[in-house]
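Working notes, beginning with the structure itself.
The values are calculated or read from the model by the stated rules, or taken from the named source; none is laboratory data. Being a predicted model, the structure only gives us computed values, none of them experimental. Just the protein is used for accessible areas: all its heavy atoms, side chains included, with ligands, DNA and RNA removed. Shrake-Rupley method; radii C 1.70, N 1.55, O 1.52, S 1.80 Å.
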Amino acid sequence: MSNHPMARNATTIEKKGDRELVVTRTFDASPSLVFKAWSDADLFRRWWVPKGAPMVLSGCEMDVRTGGTYRLEFRMGDQSMAFHGKYLDVVPGERIVWTNEEEDDGAVTTVTFEDRDGKTLLIFHEVYPTAAALDEAMQGSAAGLPQQLDQLDELLPAIGG
């Protein structure tokens, strides 16, 4: 493991077993600030879609609390698609767990925010109902996560005050 600053804040993506994906990243910000960027719709819009992706986040409704719901609408040219689900467990500054209900093979996602001496170790964990669903995610949405988390890292200093 390198001590180079870029290596410290690298995003790691690991497939665990046939149905699990684990993504980790350290941010030079507090867990409460990183949580805010995941739970505030206006902030979330600013980093969730990778720059240069052929889509825009055209709608973002998030009621980030246990029992709340979300709906994300994306537009690609003249096509649109929506992702939606429920928040199963929300502990501010610590954890968000949600369902992905737009398809029968949607994952359950858990994001945790662990304090590491004033920094945040973010762990993004998804469990898919089938190995095929995980394989599809590895080729699709998971491929964009490193860039998305880079964009989040760039946004945090601007909202930190």
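Descriptive notes on the structure:
- Coordinate range along principal axes, alpha carbons of region 114-161, Å, largest first: 43, 20, 11
- With every protein chain in place, region 20-156: carbon and sulfur % of accessible area (1.4 Å): 48
- In the chain, the DSSP-assigned H stretches of four residues or longer account for a calculated mean residue ellipticity at 222 nm of -7500 deg cm²/dmol, using -39500 (n - 2.57) per stretch and the full residue count as denominator.
- GNM on the chain, alpha-carbon springs under 10 angstrom: the most fluctuating residue among 107, 143, 29 is 143.
- Residues of type aspartates and glutamates that residue 16 reaches as a straight line, Cα spacing below 13 Å, ignoring anything fewer than 8 places off in the same chain: 126, 135
- Average silhouette area of region 1-89, convex hull of alpha-carbon atoms, in square nanometres: 8.1
- Reciprocal of mean inverse Cα separation for region 82-138 (Kirkwood radius, Å): 12.4
- Under 5 Å, built H, 5+ apart or other chain: amide partners of residue 68: 87
- In plain terms, the chain from residue 89 to residue 22 could stretch by 22.3 nm, reckoned as 0.36 nm per residue minus the Cα-Cα distance.
- The mean accessible area for residues of region 79-151, using a 1.4 Å probe and ignoring ligands and nucleic acids, is 49 Å² per residue.
- Mean silhouette area of the chain, derived from the convex hull of its C-alpha atoms and averaged over all directions, reads 9.8 nm².
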